[in-house]
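Below is one structure, written out as structure tokens; comments come after it.
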Amino acid sequence: MCDFKPGDEVICVDAVASKFTRLGYAPPLVEGQTYEISDIFEVRTALSGKLSGQIGVALAGLEWGVNGVRGAWTPSRFRKVQRRDLSTWLETAATDTDHLDKPIKTPARPKVDALLKRVQSGAFG
């Protein structure tokens, strides 16, 4: 199943050269590279031009074809880039963070401090 639509930003997760790339028909993909989907369509076979029953994606700026048949890439080679809207989170985030990088003053602990001095002095033996 392909949930891409034209205009989606995708990242290549499988850049292994296809036979069409090895033969010089299709440009090579780059793993980790971001691309934009320009079209989604049913792929035709390069030899007969008949519909293959498979879905392919076209990438903006990387159009190609063989024998007058439009080329496409397999959708599973890509993952959709998820852009998160952080505006709501930023509105609830702390606005005054200056105090976060300063040391925290702990209240005096006279009983604990006195006991610690006795332990350090060897009073318990």
Over region 14-57, the set of residues farther than 13 Å from Thr74 by Cα and within 23 Å of the chain's Cα centre (by Cα) is Pro27, Pro28, Val30, Glu31, Gly32, Gln33, Thr34, Tyr35, Glu36, Ser38
Pairs returned, first residue in region 14-27 that is among the β-branched types (Val, Ile, Thr), second residue that is outside any helix (DSSP H, G or I), beta-carbon separation under 9 angstrom, 6 or more apart or interchain, are Val16/Leu29; Val16/Glu31; Thr21/Pro27; Thr21/Pro28; Thr21/Leu29
One residue is enough: does region 92-113 have a residue meeting the conditions in a loop (DSSP other than H, G, I, E, B) and surrounded by 10 or more Cβ atoms within 10 Å (Cβ to Cβ)? yes
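Please enumerate the residues belonging to region 40-55 that are of a type in the set (D, E, K, R) and touching a Leu at 6+ places or on another chain (Cβ under 9 Å).
Glu42, Arg44, listed by residue number.
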The residue that is surrounded by the most Cβ atoms within 10 Å (Cβ to Cβ), considering only those in region 35-57 that are within 27 Å of Val81 (Cβ to Cβ) and β-branched (Val, Ile, Thr), is Val57
Reported set for region 37-64 where residues are assigned to a strand (DSSP E or B) and on the phi > 0 side of the Ramachandran plot is Gly53
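Listed here are the residues, each with its yes/no results for (1) out of contact with any helix residue (DSSP H, G or I) (no Cβ under 7 Å at 6 or more places or on another chain); (2) touching a residue at least 12 places away in the same chain (Cβ under 8 Å); (3) surrounded by 15 or more Cβ atoms within 10 Å (Cβ to Cβ).
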site	(1), (2), (3)
Phe4	no, yes, yes
Asp8	yes, yes, yes
Gln33	yes, yes, no
Leu59	yes, yes, yes
Glu63	yes, yes, no
Gly68	yes, yes, no
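Read the figures in this text as sums done on the coordinates, not as results from a lab. Nothing here was measured: the structure is a model prediction, and the numbers come from that model. Positions of Cβ are generated from backbone atoms using ideal geometry, with glycine treated the same way; all protein chains shown enter the neighbour counts.
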